[in-house]
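The values are calculated or read from the model by the stated rules, or taken from the named source; none is laboratory data. From a predicted model like this one, the values you see are computed outputs, not experimental measurements. Here Cβ is always computed from backbone atoms with ideal geometry, including for glycine, and neighbour counts include all displayed protein chains.
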Amino acid sequence: MRPRPSLRSIFILTSGALILSLGLSCAEDQTYVDRGEVLNDVAELIVKPAYEAFESDSTQLQATISAFCESPDETKLKTAQDAWRSARQKWKMTESFEVGPVLDLQTRNKVDKKAVLDNKLDGLVAGTAEINAELVGKNSSYTRGFLALEYLIFPADGNNATHVAHLTAHPETGDRACLMAAAIAEYSANAATDVTNAWDAGSGDYLDIYLPQEDAEGVYASDKDGIDALFNCMLNHLADVLEYRLAIPAGLLDSDGTPDPEKVSTKLSEHGIQDILDNIDGIKLLLDGPESAGGTVGIGALIQGRKASLYSKMLDELETARAAVAAIPGPLSTAVVSNTDSVRSAYYALKDFHVRIGSDGATLLGISLSVNEVDND
Amino acid sequence: MTRLGHHYASMNRRVPGYSLALFRICFGLVGFLSAARVVLNGWVQTLYLEPSHHFKYLGFEWVSVPSAEVLYGMYALLALASIAVAAGAFFRYAMPTFFLVFTYLELMDQTYYLNHYYFISLCAFLMCFMPMNKVWSVDALRNPSEDTSVGQWSIETLRVQFVMLYFFAGLAKLNPDWLLHAEPLRTWLLARTETPLIGPLLGAQWVAFAGSYAACIFDLSIGFLLFSKRTRAVAYATVIFFHLGTALLFNIGLFPWVMIALTPIFFAPDWPLKALKKSSSLVNPIEDRISIPRWGYGLLGLYFLIQIALPLRHHTIDNDVLWSEDGYLFSWRVMLTEKTGVTDFYAAHPETGKRWLLPTCDLLTPVQKRKMSSNPDFIVQTAHWLHEGLKAQGLGEAAIYAESFASLNGKLSQRMIDPRIDLARVDRSWGKSHWVLPVDPTPEQSPIMSFNGDSTIAIAR
């Protein structure tokens, strides 16, 4: 016999459930955070200022290298090296939000390839072609960017005085090496200007389409897609830092567990640990925003709105990971061999944060990881 | 006449075949759209041809992804069979072809399992035995017959299949996450607050709770309300409203449209004719009953017994179904989980015991990696592949361990896989996944987990 439901009983049941659900909803303590506002804050308070700082420091780097080339001395070389560190720091902090123009303009290819072809760079310096930013753009991306500059302005033995003496004693190659460094710095500064302008509502149009107006379509189909893209970018970046900056050099992926110091980049400048710290600071910047904002203005605001205690735990774990990285006795290329445990401890501490953000954070925000074009159910 | 005998007789009753024909047409069109969007969206390439490995359904490990030419050929065949089904052309051959090709394609990779594709496979299987080409079909034009009737059993069978889907989907919602925390609906609604008009409402907690309860009541009752003539019209309007809502808010592909298009099977068998203001000239002039053997009903009964057993089988397994996913497949657990995990694998050298981390980026696509990271069965399959890979590299019988953490429906993440178990030696089974750690319902009160990369260290809980 078929069931004979009564509309009245269904109505009573539904009303009861509604009352029950209203009661339950009052028990949960959550704050609603608007995704559109978060996207706006990320653009205005985090991304734009970060690229502006990168551009400013890149221009400064170009100027200090030019000054060094005009009359090389130890002090000017040290100034150029400091400018290199500062510009690299600003760049590293932007890597956690590598979305939009930085991808379209292929800025990474222009300023920070993962390796440098030093023999090719030596060939260019020893050659006769006119050295300028145009030449840098035409050549392999492995002969430009931070690592190429590092090769040119940080002596292998760490002795600036000898380096300056060598450059001045051999002007035929020294001048061209200097010219090459200046051209690479100019090329990088131009790339930094391009990406900064693209985010500027005045000179570029990305900000307008990133934050779509009511009558126009944006880069993302929805605010959710925008947040998902930022979150996924940060997560992929974190996975890269874990694997390439810590696990591989520390021999965690090697069946014999043999560390590989050759896999540490920026060995000449001994900047490996600082790179990781800057990456971590970039992640914190995307999550929490700048301290000057006086509160959470990054994508972490969404997590905080859902579960403030979790967000606080997340930041604590990020801080713990940062402390573990900072505790590695530098330089990294030495530490991976002689102090492997400290590098591995840093890896596990950062992995704890990776689990927290990749698992708890993603679930809480309903993030679709990566390009998941398949349907759900 | 006994009750069973009466039921048997009513199932054999002849009824107009128009609603069944309309079901067939809609079904064929949905099948065509489904095949077309997979090809046009480039999913054949990204989901099937590009990945080097595919997660297999237990018992169907023999189903493999064919070459690109064959795979595209299969989708073309599916599209052709779909059109033939819709047109009612060579239905006897088109329908089994549709069922076999569609099901094979779905069985190729478990990563893309969807309840509604399973539903389409089941309907396709049932339709192979049904006289769905009696009217409004090329077959009927080719072989004109005065008999436009079908057995009541065919319509009832499809209706019961619908009821099963809805009812078990509702039953599955009777869990603490859904009822006490409105999860995962709360999370999903919060992510869609920019939706025009209703967006601001979606951020309100009471909406998530009301939606959770409404969806649960809808699923539990709608099948029965559709069966009852008194409530059918209101119920169908509710079906349309409900599925349009889910289509608007969530990325669930064709499912809402499938349900809206096929649910009219609950209306009277001649309703399409009446809608066209034509009269139905039933029936078979010779007799008003068809004769289906009792063993046929026996088989149908067995089929539905299996359909009841599958969604309930998790009760026989001592593991949380949403956490372990033991008994999760084929059980109509629709939109019940927001589960994300992070899983890393370690190998241990068979002789030295040394451990090292194994990357999976060369093994899995990002989509597969995401699914794998929170799915215990996929984790074991990945461990097996890693083990085979190491063996091929001459590293012998290396043990494989997993550091795996997952978060379910907004709860704090916790360790999911026992890090002391060598997953290379674990056999997949339909029973309990003993390598899955028990879920802690209140992880907030547990010690802070820690990723240690060393299975010899005792686990926190």
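Structure summary
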quantity: Single match in B:F23, B:F55 (criterion: at negative phi, in contact with a Phe, Trp or Tyr (Cβ under 8 Å, 6 or more places away or on another chain) and in contact (Cβ under 8 Å) with a residue 60 or more places away in the chain); calculated: B:F55
quantity: Filtered residues of the range A:307-341 (kept if over 16 Å from A:I248 (Cβ atoms), part of a helix (DSSP H, G or I) and of a type in the set (G, A, S)); calculated: A:A308, A:S309, A:S312, A:A321, A:A323, A:A324, A:A326, A:S338
quantity: Selection count, the range B:333-349, where residues are at pLDDT 95 or above and outside the structural domain of B:Q393 (by TED's automatic domain parsing); calculated: 0
quantity: Boolean, B:A76 is within 25 Å of B:M164 (Cβ to Cβ) and not aromatic (F, W, Y); calculated: no
quantity: Selection count where residues are farther than 30 Å from A:G226 by Cα and surrounded by 23 or more Cβ atoms within 10 Å (Cβ to Cβ), scope the range A:82-100; calculated: 2
quantity: Condition met for B:F55 (aromatic (F, W, Y) and under 30 Å from B:F266 (Cβ atoms)); calculated: no
quantity: Tally of residues being in a loop (DSSP other than H, G, I, E, B) and either touching a Pro at 6+ places or on another chain (Cβ under 7 Å) or at pLDDT 95 or above (or both) across the range A:252-266; calculated: 4
quantity: Selection count where residues are touching a Cys at 6+ places or on another chain (Cβ under 9 Å) and in a helix (DSSP H, G or I), scope the range A:96-112; calculated: 2
quantity: Verdict on B:A392 being out of contact with any Phe, Trp or Tyr (no Cβ under 8 Å at 6 or more places or on another chain), aliphatic (A, V, I, L, M) and either more than 11 Å from chain A (Cβ to nearest Cβ) or buried (at least 21 other Cβ atoms within 10 Å of the Cβ) (or both); calculated: yes
quantity: In the range B:195-219, the residues that are surrounded by fewer than 19 Cβ atoms within 10 Å (Cβ to Cβ) and either touching a residue at least 12 places away in the same chain (Cβ under 8 Å) or farther than 28 Å from B:L180 by Cβ (or both); calculated: B:T195, B:P196, B:L197, B:I217
quantity: Selection from the range B:109-125 of residues that are hydrophobic (A, V, I, L, M, F, W, C), at pLDDT 95 or above and farther than 16 Å from B:A81 by Cα; calculated: B:F119, B:L122
quantity: Residue within the range B:98-105 that is part of a loop (DSSP other than H, G, I, E, B) and either over 18 Å from the mean Cα position of the chain (by Cα) or without any contact (Cβ under 8 Å) to a residue 40 or more places away in the chain (or both) present; calculated: no
quantity: Options A:T193, A:T143, A:T162: the member that is touching an Asp or Glu at 6+ places or on another chain (Cβ under 8 Å) and either modelled with pLDDT of 90 or more or under 27 Å from A:P331 (Cβ atoms) (or both); calculated: A:T193
quantity: Those residues of the range B:190-231 which are facing another protein chain (nearest Cβ under 7 Å) and more than 26 Å from the chain's Cα centre (by Cα), in sequence order; calculated: B:T193, B:E194, B:G203, B:Q205, B:W206, B:S228, B:T231
quantity: Single match in B:L412, B:L364, B:L423, B:L329 (criterion: at pLDDT below 90 and of a type in the set (A, V, I, L, M, F, W, C)); calculated: B:L412
quantity: Pick from the range B:1-54, criterion within 26 Å of B:G298 (Cα to Cα) and among the hydroxyl-bearing types (S, T, Y), ranking: surrounded by the fewest Cβ atoms within 10 Å (Cβ to Cβ); calculated: B:T2
quantity: Unmet requirement for B:W430, which otherwise passes all of (1) touching a Lys or Arg at 6+ places or on another chain (Cβ under 9 Å); (2) surrounded by 23 or more Cβ atoms within 10 Å (Cβ to Cβ); calculated: (2)
quantity: Matching helices (runs of 4 or more DSSP H) fully within the range B:114-186 where at least 3 residues are in the same structural domain as B:F255 (by TED's automatic domain parsing) and in contact (Cβ under 8 Å) with a residue 60 or more places away in the chain; calculated: B:115-127, B:152-172, B:176-181
quantity: B:T238 being part of a helix (DSSP H, G or I), within 12 Å of chain A (Cβ to nearest Cβ) and either more than 20 Å from the chain's Cα centre (by Cα) or of a type in the set (A, V, I, L, M) (or both); calculated: yes
quantity: Number of positions in the range A:215-251 that are at pLDDT below 90 and either at positive phi or part of a loop (DSSP other than H, G, I, E, B) (or both); calculated: 8
